[in-house]
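S.K.: Would you mind keeping the following structure in view while I ask a few things?
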4 protein chains.
Amino acid sequence: MITAGIFGATGFTGYELVQILEKHPDVQIQFATSQSFSGQWLSDIYAQAPHLPLISGEEAPLDQVDVVFLCLPHAAAAETAVTALDAGCKVIDLSADFRLDEPDVYAQWYGREHPAPHLLETAVYGLTEWSRVQLPGAELVAVPGCYPTSVLLALRPLFQTGFTLSGPIIADSKSGVSGAGRKANETTHFINVTDNFSPYKIGQAHRHQPEIEQVINWWQEDAPPVIFSPHLLPVPRGILSTIYVTLSEPFDLDEIQTHYQNAYANEPFVCILPPGKLATLAHVTHTNKCVIGLTQAGNTLILTSAIDNLLKGAAGQAVQNMNVVFQIDETTGLT
Amino acid sequence: MITAGIFGATGFTGYELVQILEKHPDVQIQFATSQSFSGQWLSDIYAQAPHLPLISGEEAPLDQVDVVFLCLPHAAAAETAVTALDAGCKVIDLSADFRLDEPDVYAQWYGREHPAPHLLETAVYGLTEWSRVQLPGAELVAVPGCYPTSVLLALRPLFQTGFTLSGPIIADSKSGVSGAGRKANETTHFINVTDNFSPYKIGQAHRHQPEIEQVINWWQEDAPPVIFSPHLLPVPRGILSTIYVTLSEPFDLDEIQTHYQNAYANEPFVCILPPGKLATLAHVTHTNKCVIGLTQAGNTLILTSAIDNLLKGAAGQAVQNMNVVFQIDETTGLT
Amino acid sequence: MITAGIFGATGFTGYELVQILEKHPDVQIQFATSQSFSGQWLSDIYAQAPHLPLISGEEAPLDQVDVVFLCLPHAAAAETAVTALDAGCKVIDLSADFRLDEPDVYAQWYGREHPAPHLLETAVYGLTEWSRVQLPGAELVAVPGCYPTSVLLALRPLFQTGFTLSGPIIADSKSGVSGAGRKANETTHFINVTDNFSPYKIGQAHRHQPEIEQVINWWQEDAPPVIFSPHLLPVPRGILSTIYVTLSEPFDLDEIQTHYQNAYANEPFVCILPPGKLATLAHVTHTNKCVIGLTQAGNTLILTSAIDNLLKGAAGQAVQNMNVVFQIDETTGLT
Amino acid sequence: MITAGIFGATGFTGYELVQILEKHPDVQIQFATSQSFSGQWLSDIYAQAPHLPLISGEEAPLDQVDVVFLCLPHAAAAETAVTALDAGCKVIDLSADFRLDEPDVYAQWYGREHPAPHLLETAVYGLTEWSRVQLPGAELVAVPGCYPTSVLLALRPLFQTGFTLSGPIIADSKSGVSGAGRKANETTHFINVTDNFSPYKIGQAHRHQPEIEQVINWWQEDAPPVIFSPHLLPVPRGILSTIYVTLSEPFDLDEIQTHYQNAYANEPFVCILPPGKLATLAHVTHTNKCVIGLTQAGNTLILTSAIDNLLKGAAGQAVQNMNVVFQIDETTGLT
């Protein structure tokens, strides 16, 4: 039995993690922390939550757990990671702190020095389907951002084809409101969301853009730039990314379709749709799946890629990573 | 006083037209037709509708009206247009029948021979801001499609700049459900729409793609191809298009911003947002406005363009065209 | 031309008032206040708002206006009312401060002494259809609560019939989220509202319950108690009240239907539906109307009554009252 | 292993049943029927459905199953029940055919003679918490209607108290759109549902009213009449009933609260909320639970009762009944 602690259990991601781990046959939740609600119960916060006590992060009995999940703001996550690693725990970090491998890039996008740059080498970027070799036994896993997960899983097979790309990669992404977090503010007020649809930080202004670009550059040096345009959807959960990749020369969609199907043939959580089908949120909400459809328009390949932002885009992928780290069946607790 | 008749008054577009014309100080509605509901009242169909009798199309007293609005399916619209023009009425057609100027292209996309190809020369493409010179006194106006309106108004000033484009123009568009029409089917069932978000006919598969491409080619020969990707939003009304145009060389966003502001400085229904602001549905629903924001990502200009699909994208623009045709103030009845 | 000032213009009700008064042919807005946003423009707050400067309440030039509208929290409203009346302005108060005529009842429900009990005699309870005689020239009008408006307009004709009631009057009411105000909090977070439906303060716990009960007792001494159960709907606006009134003896629905139709025959903003029809939000949103349907179940009369909470339930009724106070056509600016 | 067949697997209820039974450790689905989609796969209809073949009802191999679930229209269900019982299968019927025990009442409300009145005696009304004694080994179970489940579970303990009631029992109920079924029509069109809220068949006009009244009369002869008012909520799933029961004399809420808690102390799927808490949809969606809150207003007890209409109101309760019929743990497959 794997013993686990959850830091930041009252946010949407933390609560989702509790729900998964409560039913995970190989995991025992030892503690759940909350700065705002310590002393209360998780069931005070969420109508359907289990009756789990909330303690402060300082009280967390790190000596009782094999692994901690960090659902904390950036910077706070890195600091807790240091403490937890020192205490001998494995760390699955759902924040952005260990996703970017250059401290300078981190400083530029997150507005502060990286709190633990010495750990950047240790951290495994946990896009499970791609990082599976590095994960078993890993000490520190950086769970990818929600948007990057939807975009990178859709692009990965293309970078194994030898095609060259022309012009920027454009990812036009749309996310449900849970991506904006549990904090009540103007952005999440029902009146501002319902009957509305809003782009935000489009182009090269959102923190997930350098994350996507970094991984693509791992896959291919001198890859074209990424344009990433997030939009807020009036739905509770789910991300759909419509991704435009223009190739340097004509291509045969059937061939690429076959390549994608082969690339993901043995993946339990990635589904390539049949030719002509497009991914929708309805394919993926409340699942750990990434569903991908392929379309052609001239020399441009259009990928539609859908995930549940709270599951495959956060808590689900975190547990998928944990399963691989601890070398148990990768799908345990996730189907 | 302009006397008007509405063919197809019970669809969403027809009903919106009734609402505008009922309050238009220079228009008198003489008749409203419906094939499915003739003999009933418009107030039987819509909870807030005026008590307007519905007659069949065959009963329409064409000799009593100066102008007819056609909110009919394609082909049926062209046939009614012939009859109405013969009777001496001006025709504002909200269907697709007179938008494409090549009968062959029409046949390819609409699956039948054009019912009245001799009228294609007569028809004015009523993107009012662009067609204003041709509209006064016009006999037949083709109101642009909803998606093309949002895309073309956003692109128009760019084609006056002398910039050359590189790679395809990509319009990633999102529309509310009223765009799918009043007919109840799987697509419009609440359960399939709410909490969901779906692409459909993306790439070069939707009938509005050749319409956009045609107009762009009027503006610039050998313009790059258009990729057009519509998506269905879980909202009742509104379209947001996020448009990616990659230029052949670096550009200065401030310069383009200024150009856009100048281009639309005197337009009552087009609003260029200040630098850094992005268009949203909340800017435009229930108005005849098109609101446009400009963003830069490297050599790519990203335009966000929002309209209300039933107003600026249909009934509003139809009335705007009518006002210009009859040479009354263009904003009458629309503010 | 009536000159007007609006206190609290950035709340949902205040903004709605601005929208009405901007188009009201007999009103000139002289100023709009906001404590949180003074120095900014209303168009900074709402995407479609006019470019109206926001000043602090202290700066308000009371000598320039004939009337002020108070869209302020309770207590603050009463204090501003005192100042404005002293300056010679008429006051239309949209807060709860002058709705209850007993200072003790106010203290009990609002948790503080009434700030201006000497004005309670002056205030006219502005349920326009019922108060029309007292309104012309009135100095101070208390606009009824949104829920009470929907309930009282539905009940009023019944209290003119001579029927006696048996058991409590039960009003099961459902309101859109704008009723909860512009402040972002847990209650108004999109994730807590969408796909959900929640009762709150049901029975005899909501401040609108004593307001309803007070008015009913004006109409009939020893009226039965009122049970009032509000619920939060996942919609932006609108209230539907389903009201159960059990009569002491059998009744003929046709007779009551006819009585209701006669009672409201000349009312521009109250609509009695034909027999068998039920009121819905779709009948009334974005209008100043109250739509009422009547149903029978044994000795129980069931009334369905719908209004737009921001219009007939607040800003619309406020302007309707203002029209009567200034003796201009009651519907001006409201259709 | 229990072998099961599902008649009508493509409706919302049938699909929900498939989802439960697919994961039920003691059940093997042998077949799933659909009249409209036979020859296709369930995954053609629902984006997340398993790849289950759909056969016509006539092809169903009744000899291979221990139990059949009927998610069919009324009358069709009774006919299939006869065939299935003859073939030796147990029948869990989710239609209305065996809920009313008087053929005359059935004929009155369903507009036709009962197709199999001889089975009415055999059928067990499967409100599991109340019928548990009769269920083990039962041949034919009538799963209660969704609305009746929410109302009856909330009322049941009251009828064990000895209190007498005064005046009608009023159940003001609100349901999500899945209750209206998978068929696309005006009622379920997104545009007619979103931003709207509608009562329908209120008073004593809905088929669930006699069902509720019948069961209450089983519990107490000469019980007062039931007024039942359904409303359509703009949410996909969930029912909240606000129920008003006026007692003949004053009561102590604490005492009734304690009685309710005791009555349901051992029930895995009924939860009595602590004093002061009200049931909401958020408590129950996607669960088989019924959550109940108690409030007092004078002599009136107000019950708020929430269920998921597709689970505890249909497929979940059906499986709960099946578990008891086959004498396996009642919660199997449902948590």
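The values are calculated or read from the model by the stated rules, or taken from the named source; none is laboratory data. The shown structure was predicted, so the numbers you read here are calculated from the model rather than taken from an experiment. Glycine gets a Cβ as well: all are built from the backbone with ideal geometry, and neighbour counts include every protein chain shown. In case anyone asks, the SASA skips ligands and DNA or RNA and just uses the protein heavy atoms, side chains included. Shrake-Rupley method; radii C 1.70, N 1.55, O 1.52, S 1.80 Å.
S.K.: Test C:GLU129 against the stated conditions and say whether it is more than 30 Å from D:ASP308 (Cα to Cα), part of a helix (DSSP H, G or I), within 14 Å of chain D (Cβ to nearest Cβ) and of a type in the set (D, E, K, R).
M.R.: no
S.K.: Here's another thing I want to ask about it. Identify, from the list B:ALA142, B:ALA116, B:ALA184, B:ALA154, the residue that is farther than 28 Å from A:GLY298 by Cβ and touching a strand residue (DSSP E or B) at 6+ places or on another chain (Cβ under 6 Å).
M.R.: Only one candidate qualifies: B:ALA184.
S.K.: Tell me, please, whether a residue that is within 30 Å of D:VAL235 (Cα to Cα) and among the aliphatic types (A, V, I, L, M) can be found in segment C:160-170.
M.R.: Yes, that holds for at least one residue.
S.K.: Return the total of residues in segment A:84-101 being buried (at least 16 other Cβ atoms within 10 Å of the Cβ) and either small (Gly, Ala, Ser) or in contact with a Pro (Cβ under 9 Å, 6 or more places away or on another chain) (or both).
M.R.: 6
S.K.: Going by the structure shown, is B:THR300 open to solvent by 20 Å² or more (accessible area, probe 1.4 Å) and over 13 Å from the mean Cα position of the chain (by Cα)?
M.R.: Answer is no for this residue.
S.K.: Restricting to segment B:1-60, name every residue that is polar (S, T, N, Q) and surrounded by 21 or more Cβ atoms within 10 Å (Cβ to Cβ).
M.R.: Hits for segment B:1-60 are B:THR10, B:THR13, B:THR33, B:SER34.
S.K.: I'd like to know if segment B:50-63 contains one or more residues that are of a type outside the set (Lys, Arg), touching a strand residue (DSSP E or B) at 6+ places or on another chain (Cβ under 8 Å) and in contact (Cβ under 8 Å) with a residue 60 or more places away in the chain.
M.R.: no
The rows are residues; the columns are (1) in contact (Cβ under 8 Å) with a residue 24 or more places away in the chain; (2) within 10 Å of chain C (Cβ to nearest Cβ); (3) under 15 Å from D:ASN309 (Cα atoms); (4) surrounded by fewer than 20 Cβ atoms within 10 Å (Cβ to Cβ).
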site: D:LEU232; (1), (2), (3), (4): yes, yes, yes, no
site: D:VAL245; (1), (2), (3), (4): yes, no, no, no
site: D:GLU249; (1), (2), (3), (4): yes, no, no, yes
site: D:PRO274; (1), (2), (3), (4): no, no, no, yes
site: D:ASN288; (1), (2), (3), (4): yes, no, yes, no
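S.K.: If D:VAL324 passes every condition in (1) in contact with a helix residue (DSSP H, G or I) (Cβ under 7 Å, 6 or more places away or on another chain); (2) over 18 Å from D:SER150 (Cβ atoms); (3) open to solvent by less than 10 Å² (accessible area, probe 1.4 Å) but one, which one does it miss?
M.R.: (3)
S.K.: Let me ask you something else. Hey, among the residues in segment A:175-189 that are buried (at least 18 other Cβ atoms within 10 Å of the Cβ) and at the interface with chain C (Cβ under 8 Å from one of its Cβ atoms), which one's farthest from the chain's Cα centre (by Cα)?
M.R.: In this case the residue turns out to be A:HIS189.
S.K.: Please tell me if B:SER131 is over 30 Å from B:LEU301 (Cβ atoms) and out of contact with any Ser or Thr (no Cβ under 8 Å at 6 or more places or on another chain).
M.R.: Against the criterion (over 30 Å from B:LEU301 (Cβ atoms) and out of contact with any Ser or Thr (no Cβ under 8 Å at 6 or more places or on another chain)), B:SER131 does not qualify.
S.K.: Could you identify the single residue in B:SER166, B:SER150 that is polar (S, T, N, Q), open to solvent by 10 Å² or more (accessible area, probe 1.4 Å), within 14 Å of chain A (Cβ to nearest Cβ) and touching a residue at least 12 places away in the same chain (Cβ under 8 Å)?
M.R.: Values: B:SER150 fails: open to solvent by 10 Å² or more (accessible area, probe 1.4 Å).
Matching residue, one of B:SER166, B:SER150: B:SER166.
S.K.: Here is a follow-up. Of the conditions (1) open to solvent by 30 Å² or more (accessible area, probe 1.4 Å); (2) within 16 Å of D:ILE302 (Cα to Cα); (3) within 21 Å of the chain's Cα centre (by Cα), D:HIS259 satisfies every one except a single condition; which number is it?
M.R.: (3)
S.K.: Also, quick follow-up: Any chance segment D:152-168 includes a residue that's among the polar types (S, T, N, Q) and at pLDDT 95 or above?
M.R.: The initial filter retains those residues of segment D:152-168 that are among the polar types (S, T, N, Q), namely D:160-161, D:164, D:166.
Keeping just the survivors that are at pLDDT 95 or above gives none.
No, because not a single residue in segment D:152-168 is among the polar types (S, T, N, Q) and at pLDDT 95 or above.
S.K.: If B:ILE239 meets every condition in (1) touching a helix residue (DSSP H, G or I) at 6+ places or on another chain (Cβ under 7 Å); (2) facing chain A (nearest Cβ under 10 Å); (3) over 14 Å from A:PRO199 (Cα atoms) apart from one, which number is that one?
M.R.: Looking at each condition in turn, B:ILE239 falls short on (3).
S.K.: Next question, about the same structure. Say we look at segment B:102-120 and pick out the residues that are farther than 15 Å from B:VAL82 by Cα and out of contact with any helix residue (DSSP H, G or I) (no Cβ under 7 Å at 6 or more places or on another chain); which of these is surrounded by the most Cβ atoms within 10 Å (Cβ to Cβ)?
M.R.: Among those that are farther than 15 Å from B:VAL82 by Cα and out of contact with any helix residue (DSSP H, G or I) (no Cβ under 7 Å at 6 or more places or on another chain), it is B:TYR106.
S.K.: Let me ask something additional. List pairs: first in segment C:74-86 and closer than 16 Å to C:LEU62 by Cβ, second of a type in the set (A, V, I, L, M) and assigned to a helix (DSSP H, G or I), Cβ under 6 Å, 6+ apart or cross-chain?
M.R.: C:ALA84/C:LEU62
S.K.: Next question, about the same structure. With the requirement that a residue be in a helix (DSSP H, G or I), within 13 Å of another protein chain (Cβ to nearest Cβ) and open to solvent by 30 Å² or more (accessible area, probe 1.4 Å), what does segment A:196-228 give you?
M.R.: A:GLU213
S.K.: Would it be correct to say that A:GLN257 is more than 9 Å from chain B (Cβ to nearest Cβ), at pLDDT 95 or above and farther than 22 Å from B:GLY203 by Cα?
M.R.: no
S.K.: Oh, and also: Would you please name the residue that is nearest to the other protein chains (Cβ to nearest Cβ), looking only at residues in segment D:303-319 that are of a type in the set (A, V, I, L, M) and under 14 Å from the mean Cα position of the chain (by Cα)? Even if it seems obvious, please write down each step before you answer.
M.R.: First, pick out the residues of segment D:303-319 that are of a type in the set (A, V, I, L, M): D:303, D:306-307, D:310-311, D:314-315, D:318-319.
Retained after the next criterion (residues that are under 14 Å from the mean Cα position of the chain (by Cα)): D:306-307, D:310-311, D:314-315, D:318-319.
Working: D:ALA306: 8, D:ILE307: 12, D:LEU310: 11, D:LEU311: 13, D:ALA314: 15, D:ALA315: 15, D:ALA318: 20, D:VAL319: 18 Å.
Of everything passing the filter in segment D:303-319, D:ALA306 is nearest to the other protein chains (Cβ to nearest Cβ).
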